[in-house]
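Computed from the coordinates by the stated procedures, all read-outs in this text should not be read as laboratory data. What you are looking at is a predicted structure, and each value in this text was computed from that prediction instead of being measured. Here the Cβ positions follow ideal geometry from the backbone for every residue, glycine too, while neighbour counts run over all protein chains shown.
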Amino acid sequence: MERSVIRKSGKYSQVIEDSSLGWSIAVAVGIGLYFGQMYDKNNDSEPLGTLIGFLIGLGAACRLVLKVHKRLNS
């Protein structure tokens, strides 16, 4: 569904959309960790890949938070 349709469907739709931010952060960090651990497993570079994957996931999560913050303040 398009966002414009979701926003028009009810007064709580924005709250529901923003409440998914926590899951988005967890998924971004989890994906980074997963690929970092896979890199470590295949290249025997433990814990460097995990650390880099975590930092990339954390950066993606921060970008999501900033995007929501910008939208709420505009």
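Quick notes on this one:
- Dipole magnitude for the stretch 20-73: about 480 debye, using +1 per Lys or Arg Cβ and -1 per Asp or Glu Cβ, origin at the Cα centre.
- Rounded to whole Å, the principal axis extents of the Cα atoms in the chain read 51, 24, 15, largest first.
- At full extension, I31 and I16 could sit 3.1 nm farther apart than now, given 0.36 nm per residue minus the alpha carbon distance.
- Mean separation of Cα contacts under 8 Å (6+ apart) over length of the chain, as relative contact order %: 29 percent
- Per-residue ellipticity at 222 nm computed for the chain from its helices equals -28000 deg cm²/dmol, with DSSP H segments shorter than 4 residues left out and the rest contributing -39,500 (n - 2.57).
- Protection-proxy order for peptides 16-28, 54-66, each taking the mean of Cβ atoms within 10 Å per residue, highest first: 54-66, 16-28
- The modelled label-to-label distance for the pair M38/S24, using points 7 Å beyond Cα in the direction of Cβ, is 2.3 nm.
- Per-residue 3J(HN,Hα) values for the stretch 48-58, derived from phi via the Karplus relation 6.51 cos²θ - 1.76 cosθ + 1.60 with θ = phi - 60°, read 4, x, 5, 5, 5, x, 4, 5, 5, x, 5 Hz in sequence order (x marks Gly and Pro).
- Residue-wise HN-Hα coupling along the stretch 21-35, computed from phi with Karplus coefficients 6.51, -1.76, 1.60 (Hz; x: Gly, Pro): 4, x, 5, 5, 5, 4, 5, 4, 5, x, 5, x, 4, 4, 5
- Dipole of the chain, positive end: most advanced residue of G30, L51, H69 [Cβ charges, Cα centre]: H69
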